[in-house]
Amino acid sequence: MPPRRRRKPSLRLHLQVGSRALRAPTETQVRRWASAALKSPGEITVRIVGTAEGRHLNYRYRGENHATNVLSFRYAPSHGVLQGDIVLCAPVIAREARHQDKTLEAHYAHLTVHAMLHLQGYQHARRRSAARMEALEKKLLTKLGYPDPYAGSG
């Protein structure tokens, strides 16, 4: 008898597009990327914002007065369900994708996976934990059909 395939954890995804981004990812894309990194059931809100909102949130929660590519906010699990918010800043992501010679889709996928890992406790403040997190990101993105997001960034 073949081994049983593990069922993917359930994901309740809420996508909010608060930016006039011309090419924001679709809910189907965001769900695929988030699900790939999900290890337990989750309820996640992903909000795509413009520069002003991204700067405001980054200043409010991190004390930095500039927009950043991604922010993640983890909440206490409820009945074993991972809960959190992910904020993706469309103009910053588009600019980074151009400068790093990546497709916009691949960069959104990478940052969504990255944020999902943060929501599940992964960190990159120390060299060893960063290496672990990056290795998992590469593995998940490869499974999704995207190139190594860190190639050429050495």
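Using a 1.4 angstrom probe, figure out how much accessible area the stretch 38-146 has per residue, in square angstrom, rounded to the nearest whole.
54
Treating the angle as unsigned and between 0 and 90°, give the value, to the nearest 10°, between the Cα long axis of helix 51-62 and the longest Cα principal axis of the chain.
Computed tilt is about 70 degrees.
Tell me the label only: which of [x] 24, 19, 16; [y] 30, 23, 15; [z] 30, 18, 15 is semi-axes √(5λ) of the Cα gyration tensor in Å as calculated from this structure?
So the calculated entry is the one marked [x].
Compute, for the stretch 104-149, the length of the dipole vector about the Cα centre, with Cβ point charges of +1 (Lys, Arg) and -1 (Asp, Glu) only. Units Debye, rounded to 20.
Rounded to the nearest 20 debye, it is 300 debye.
Which of the listed residues, ALA34, TYR108, GLY54, is farthest toward the dipole's positive end in the chain, when Lys, Arg count +1 and Asp, Glu count -1 at the beta-carbon?
Comparing the listed Cα positions along the dipole, ALA34 ranks first.
For the stretch 46-99, give the share of DSSP beta bridges that are antiparallel, in percent and rounded to the nearest 5; count only bridges with both residues there.
Values: 7 of 11 bridges.
Among the beta bridges of the stretch 46-99, antiparallel pairing accounts for roughly 65 percent.
Between ALA135, ALA34, ALA90, find the one with the highest GNM mean-square fluctuation for the chain; connect C-alpha pairs within less than 10 Å.
Of the options given, ALA135 has the highest mean-square fluctuation.
Report ³J(HN,Hα) in whole Hz for each residue of the stretch 93-103, in order, from the Karplus equation J = 6.51 cos²θ - 1.76 cosθ + 1.60 where θ = phi - 60°; Gly and Pro get x.
In residue order, the calculated couplings are 5, 5, 5, 4, 4, 4, 5, 9, 6, 10, 6 Hz.
What residue among PRO25, PRO77, PRO41 shows peak mean-square fluctuation when the chain is described by a Gaussian network model with Cα springs under 10 Å?
PRO77
If packing is taken as the mean number of other Cβ atoms within 10 Å per residue, what is the order of 61-68, 138-145, highest first?
Packing proxy ranking, top to bottom: 138-145, 61-68.
Of ILE44, THR142, GLY84, which is farthest towards the positive pole of the chain's charge dipole, taken about the Cα centre with +1 and -1 on the beta-carbons of Lys, Arg and Asp, Glu respectively?
Of the options given, the answer is THR142.
As a test, work out the antiparallel percent of DSSP beta bridges whose residues both lie in the chain, rounded to the nearest 5.
Just about 30 percent of them are antiparallel.
Taking the chain as a Gaussian network, Cα atoms linked when under 10 Å apart, which of HIS124, HIS110, HIS79 shows the biggest mean-square fluctuation?
Of HIS124, HIS110, HIS79, the most mobile in the Gaussian network model is HIS79.
Quick one: putting +1 on the C-beta of Lys and Arg, -1 on the C-beta of Asp and Glu, what dipole do you get for the chain around its Cα centre, in Debye to the nearest 20?
Value, rounded to 20: 580 debye.
With +1 on each Lys and Arg Cβ and -1 on each Asp and Glu Cβ, and nothing else charged, work out how big the dipole of the stretch 61-148 is about its Cα centre, in Debye to the nearest 20.
340
The values are calculated or read from the model by the stated rules, or taken from the named source; none is laboratory data. Values in this document were obtained by computation on a predicted structure and should not be read as measured data. Every residue, glycine as well, gets a Cβ built from its backbone with ideal geometry; the counts of neighbours run over all protein chains shown. SASA here: full protein model, heavy atoms, side chains in, ligands and nucleic acids out. Shrake-Rupley method; radii C 1.70, N 1.55, O 1.52, S 1.80 Å.
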